[in-house]
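S.K.: Have a look at this one.
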Amino acid sequence: MANYKKYNIFIFLSTVARNIFEIFSSVFLYKMGYNLKEIMLFYFILYFTAILVNYISLKLLYYINGRWILIFSSLLFSYSFYYLINMDNNITNLIIFSIINSIASYTYHSLRHYFAIKILPKDNKQTSTLNILIFTYIALIFAPYIGAFVTEKYGITVTVILSLVFSILGIIPILKLDIKKQTKKKIKLKQVYKKMPKNKIKFFILEQFKVIFLSLQPLYLYLNISSKLEYIGIFNIILGIASLTFIYIFIKKINLNKYFIYLNIMFIITLLFKINILNKNILLVIAFFEGLFLKMYETVSLTNIYNKDKNNVIEYLIICEIIFCLTRSIICLACIFILDLKLILYLMIFGILLSGFVKVNEKC
């Protein structure tokens, strides 16, 4: 089996394992008694810790095979939520959980980008990137609903076990990936950073508003629309279906780079409707349109990241992850002082709007 097929299976299984839980992080913390300020503190610590985690995990690729880091990451991720369901409600435990979850999450995120860049064929990078997105979106259709259903029906402990099972299954294709250990090079991060197109960096920064918006979206739905996790799961099923619809119908008919600014404005309009409409059924319709425009955005975003030759991949990804996580941590730190969730979401939407005016997908 080809490397990219093994990688797609890994992406599918690992996405299911992580989104059974990860998508509900803010909701679980709120249900445990943490307020909005403390939840934003959780995200600040998560992302700030991730700066160091990404650096170490990517540098380790010079010394060990990356698959062992992903195996460690998969097992630790399940443990992080086991810790969550057994911890007492206090700031110390919140900080410990943030750090554990950061290590588990960002040893995964940085390495999945590394493997993707390494296995994507040079002559058909966009199609291969779309295949990765398809496997991701299929997983995202089912994972949140499975997590919501199992948690409400059988309890969060059973959900932790289910996440662990999918994590272990996801390890199998990684063990079979045929990628050589990275040869150590004497390349300074500063050199790689200087070669990166400035518009690419600007987009990387502004894109993080979208990431934080999506992290807080389940909490908004829980507080304002429905207190049932199952509704959030259904919302995400519709998002996933819209994602696949976008890929199969629109992706080959639209020049995303050419029309990105206009499609992004439509995305913004959809998000504004979503946080100003409280009807459950209408919101599910809006979820479909959000899914269409969100995946347009993420297709451009992921292609932008993977638009890189196979030289200096580790240094390139370290720079990218530092930009991602430092930006997110700064945004979350600022939001600690904003006590209105809806206002925070408005600020995230404004950041997403600005990103639409940046030219993307420049080769580096």
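The values are calculated or read from the model by the stated rules, or taken from the named source; none is laboratory data. What you see is a predicted model; the values in this text were computed from it and never measured. All Cβ positions, even for glycine, are placed from backbone atoms using ideal geometry, and neighbour counts span all protein chains on display. For accessibility, only protein heavy atoms count, side chains too; no ligands or nucleic acids. Shrake-Rupley method; radii C 1.70, N 1.55, O 1.52, S 1.80 Å.
S.K.: How large is the accessible surface of MET266 in square angstrom, using a 1.4 angstrom probe and rounding to the nearest 10?
M.R.: Around 90 Å² of this residue is reachable by solvent.
S.K.: For ILE96, what accessible area in Å² do you get when you roll a 1.4 Å probe over the heavy atoms of the protein chains, rounding to the nearest 10?
M.R.: So the heavy atoms of ILE96 present about 70 Å² to solvent.
S.K.: Can you report the principal axis dimensions of segment 34-164 using only the alpha carbons, biggest first, rounded to whole angstrom?
M.R.: The principal-axis extents, from largest down, are 51, 33, 27 Å.
S.K.: I'd like the distance between the alpha-carbon centres of segment 93-114 and segment 323-352, rounded to an integer number of Å.
M.R.: Spelled out, the Cα-based centre of one part sits 20 Å from the other.
S.K.: Once ligands and nucleic acids are excluded and a 1.4 Å probe is used, how much of ILE95 is accessible, expressed in Å² to the nearest 10?
M.R.: Counting only protein heavy atoms, ILE95 exposes about 60 Å² to solvent.
S.K.: Where does each of 63-73, 38-48, 337-347 land if you order them by average Cβ count within 10 Å, highest first?
M.R.: Numbers: 63-73: 17.7, 38-48: 22.3, 337-347: 14.7.
Ranked from most to least packed, the peptides come out as 38-48, 63-73, 337-347.
S.K.: Measure off, as a whole percent, the carbon and sulfur share of the 1.4 Å-probe accessible area of the chain, all protein chains present.
M.R.: Working: 10240 of 15580 Å².
Percent of accessible area from carbon and sulfur atoms in the chain: 66.
S.K.: Sort PHE166, PHE149 by heavy-atom solvent-accessible area, probe 1.4 angstrom, most to least. Please report the intermediate quantities before stating the final value.
M.R.: Details: PHE166 45, PHE149 80 Å².
Largest accessible area first, the residues go PHE149, PHE166.
S.K.: If the elastic network links every pair of Cα atoms under 10 Å, which of ILE168, ILE305, ILE232 fluctuates the most in the Gaussian network model of the chain?
M.R.: Result for the chain, Cα springs under 10 Å: ILE168 fluctuates most.
S.K.: Quick one: accessible area per residue over segment 17-125, 1.4 Å probe, rounded to a whole number of Å²?
M.R.: That works out to 37 Å² for each residue.
S.K.: Report the label-to-label distance for SER226 and MET266 in nanometres (one decimal), using points 7 Å from each Cα along the Cα→Cβ vector.
M.R.: Using points 7 Å along Cα→Cβ, the separation is 2.6 nm.
S.K.: Given (1) 25, 63, 12, 0; (2) 29, 64, 7; (3) 26, 58, 14, 2, 0, which label gives P(r) over Cα pairs in 20 Å bins from 0, in percent as computed from the coordinates?
M.R.: Matching the structure shown: (2).
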